[in-house]
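Only one structure is covered here, and it is reproduced in the block below.
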Amino acid sequence: MFIARKQNFKPFDRKVWLSSPTMHGEELEYVREAYETNWMSTVGKNIDELERLVAEKVGTKQAVALSCGTAALHLAVKLAGLEPGEPVFCSDLTFNATVNPVVYEQGVPVFIDTEYDTWNMCPRALEKAFELYPDCRLVIYAHLYGTPAKIDEIERICKKHNATIIEDAAESLGASYKGEQTGRFGDYNALSFNGNKIITGSSGGMLLTDEVAAANRARKWSTQAREAAPWYQHEELGYNYRMSNVIAGIVRGQMLHLEEHIAAKKMIYERYREGLKGLPVSMNPFDRQNSVPNYWLSCLLIEPEAMCPQVRDDHKALFKPEPGKSCPTEILETLASYNAEGRPVWKPMHQQPLYRNNGFITREGEGRCRTNAYIAGRTLGSDGTPLDIGSDLFARGLCLPSDNKMTEAEQEQILAIIRACFE
Ligand SMILES: *Cc1c(COP(=O)(O)O)cnc(C)c1O
């Protein structure tokens, strides 16, 4: 493992995490209430209250509490209704949980390339995809790292083609676009309360929609699709996807602190932005005019000219240090050597061995799977800028330690370590 050429720093005594749970106390009170009233089950007051609170916060008519965000996405895809083999347009630069539920339902994900302005689904590539697959009826897009996508443009295109929209707001609870919360723009939307999200129940997720009938179907599917009968009567396939009342108690307590968490994350983002000035890097961008992110993770993107050589195969990465230059691998390995956790940007779905044979659409049409070498991410389009923007972001980008509980001094040291990587 290479480490920074200049290192006069002391490793952190306490690990600085990418994003770890931050508890406050009220969580335990709601859990205790569940325990003491013996609602240790998938029904109870915490679930009802949490559904009410989240629907009110996001602004949807219905919220269905589920075991995880992936379950929410699965039921959302099921509500959209797929024929076997049907193509579904999906964000390419995202966590695989955005996409896998399409396959659970026998659909075929077709990946839509990313844009540089928000690191989300590229509307031009989406438009192109509808030219190639005019019959596509479902689009699933995420708001990466808590930054709202180009929602208006995506909606306009989907409307024109009569496509149902699923918003994966797992990372973006509390972020807004033109004054409205993410998680209320799609027909069916998903939230996650996984351990590293902006608020957490240790696990958990939620399906959001304005359609009462859809919410009721999802509730039924999530409890093994029991029919109203004195015995266990089953007329369709069900799942065990309902949230536990204990988990709901934790999330209910966390809801009281959502805005506080966002403020802490914003502070972290702003400190990085300030502290990285003068280096050949930029932060994960957002549309300052129309959107307010929840700043879940602060990310860094290295300018192409400041990249030292870096190659990645399916499991390992190598780089060659060069004066004045660095790369995500060097920065991440150096941070790790000081006991701080960062992470590469999501590896694009079209580069995943699982999905390498699926369609991948860039703004200029059908793309091909590129290798992971840095240079390949910079295949240029007819306008002279990279095609396969997801691969370019994967090559040059990384997620910085963004934990709520990181102190200012710890963050200063992280900044100094990053600076040393560019010496
Ligand atoms: C975390 C996450 C999910 C899945 O949520 P789980 O609760 O872990 O199942 C889905 N999509 C994205 C983009 C995520 O980051």
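The values are calculated or read from the model by the stated rules, or taken from the named source; none is laboratory data. Note that the coordinates shown come from a computational prediction; the quantities given were computed from them, not determined experimentally. Positions of Cβ are generated from backbone atoms using ideal geometry, with glycine treated the same way; all protein chains shown enter the neighbour counts. These accessible areas exclude ligands, DNA and RNA; they are computed on the full protein's heavy atoms, side chains included. Shrake-Rupley method; radii C 1.70, N 1.55, O 1.52, S 1.80 Å.
Sorting 184-194, 256-266, 100-110 by their mean Cβ neighbour count within 10 Å, with the most densely packed peptide first, gives 184-194, 100-110, 256-266.
The stretch between Asn290 and Glu259, if pulled fully straight at 0.36 nm per residue, gains 9.3 nm over its current Cα-Cα span. Only helices enter the 222 nm calculation for the chain: every DSSP H run of n ≥ 4 contributes -39,500 (n - 2.57), and dividing by all residues gives -9500 deg cm²/dmol, rounded to 500.
Would the chain count as rounded, prolate or oblate if I go by the C-alpha gyration tensor, calling it rounded below 1.5 in a/c and otherwise prolate when a/b exceeds b/c, oblate otherwise?
Note, shape of the chain comes out oblate.
Per residue, the stretch 1-146 exposes 45 Å² of accessible surface when a 1.4 Å probe is rolled over the protein heavy atoms with every protein chain present.
Report the gain in length on full extension from Lys405 to Ala336: 0.36 nm times residue separation, minus Cα-Cα distance, nm rounded to one decimal.
23.1 nm
In order along the stretch 353-358, the Karplus-derived 3J(HN,Hα) couplings, from 6.51 cos²θ - 1.76 cosθ + 1.60 at θ = phi - 60°, round to x, 4, 10, 4, 8, 7 Hz, and Gly and Pro are given as x.
If you run the Gaussian network model on the chain, springs between alpha carbon atoms under 10 Å, then out of Glu410, Glu127, Glu305 the most flexible one is Glu305. Backbone phi angles across the stretch 254-259, fed through the Karplus curve with coefficients 6.51, -1.76 and 1.60 (θ = phi - 60°), yield HN-Hα couplings of 5, 4, 5, 10, 4, 5 Hz in residue order; Gly and Pro are listed as x.
How much length is gained on full extension from Asp313 to Arg356, taking 0.36 nm per residue of separation minus their Cα-Cα distance? Display every interim value, and only then the final one.
Numbers: separation 43, 0.36 × 43 = 15.48 nm, distance 1.41 nm.
That pair, Asp313 and Arg356, stretches by 14.1 nm at full extension.
What the Cα convex hull of the stretch 26-255 gives, in volume per residue, is 111 Å³. GNM on the chain, alpha-carbon springs under 10 angstrom: the most fluctuating residue among Pro230, Pro344, Pro328 is Pro230.
Taken along the Cα-to-beta-carbon direction at a fixed 7 Å, the label points for Ser202 and Met283 span 3.4 nm.
With R₀ set to 22 Å, the beta-carbon distance separating Ala213 from Glu236 gives a calculated FRET efficiency near 0.90.
Helix 328-337 and the longest principal axis of the Cα set of the chain meet at an angle near 80°. Selection among Pro344, Cys68, Asn294 by position relative to the dipole of the chain gives Pro344 as farthest towards the positive end (Cβ unit charges, Cα centre). Sparsely packed loop sites in the stretch 46-120 (the trypsin sites (Lys or Arg not before Pro) outside DSSP H, G, I, E and B with at most 14 other Cβ atoms within 10 Å) comprise Lys61. Rounded to the nearest Hz, the phi-derived 3J(HN,Hα) couplings of the stretch 144-160 under the Karplus curve 6.51 cos²θ - 1.76 cosθ + 1.60 (θ = phi - 60°) are 5, 6, x, 9, x, 6, 7, 4, 4, 5, 5, 4, 4, 5, 5, 4, 4, where x marks glycine and proline.
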